[in-house]
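Student: The structure's right below; bear with me while I get my questions together.
The values are calculated or read from the model by the stated rules, or taken from the named source; none is laboratory data. Nothing here was measured: the structure is a model prediction, and the numbers come from that model. Cβ placement follows ideal geometry from the backbone for every residue including glycine, while neighbour counts extend to all protein chains displayed.
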Amino acid sequence: MESDLDKDFKAAFDRITIFKIASITQANFGNQSSSNQESNVRNAFKFNAWLQLKGMSSDAAKKEYIELANTILNTKK
C-alpha cells in the first residue's frame with residue numbers, strides 16, 4: 001500500500017516532469033539536440049549531486065523534492 005508521502009512524491013514528480021524535461025533541456029541546449037559529450041557532462045553533474053546526498057533517507061529526499069517542486073510550481077503562476 002502506498003503511503004501518503006509516496007503519493008505526494010509521485011504527484012510532485014509528475015507535475016514537475018514537464019518543466020524538468022522541456023525547460024531545462026531548452027535552456028541548456030536551445031533548439032539543437034545535445035551531443036554525447038554534453039550528455040556525459042550533464043550526467044556527471046547529476047551523479048555528483050546525488051553523491052552529495054549520501055546518507056539522506058528516502059523519506060527525507062521525497063519531502064525535499066516535494067517542497068522544491070511546490071516552490072517551483074507556485075512561482076510559475
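Student: When the stretch 51-70 is examined, which residues are found to be closer than 23 Å to Arg15 by Cα and surrounded by fewer than 10 Cβ atoms within 10 Å (Cβ to Cβ)?
Tutor: Across the stretch 51-70, the qualifying residue is only Ser57.
Student: Out of (1) more than 12 Å from the chain's Cα centre (by Cα); (2) among the charged types (D, E, K, R); (3) modelled with pLDDT of 85 or more; (4) part of a helix (DSSP H, G or I), the odd one out for Glu64 is which?
Tutor: (1)
Student: Within the set of pairs 6+ apart or on separate chains, which have a first residue in the stretch 50-77 that is small (Gly, Ala, Ser), a second that is modelled with pLDDT under 90 and not in a helix (DSSP H, G or I), and C-beta atoms under 7 Å apart?
Tutor: Filtered contacts from the stretch 50-77: Ala61/Leu53.
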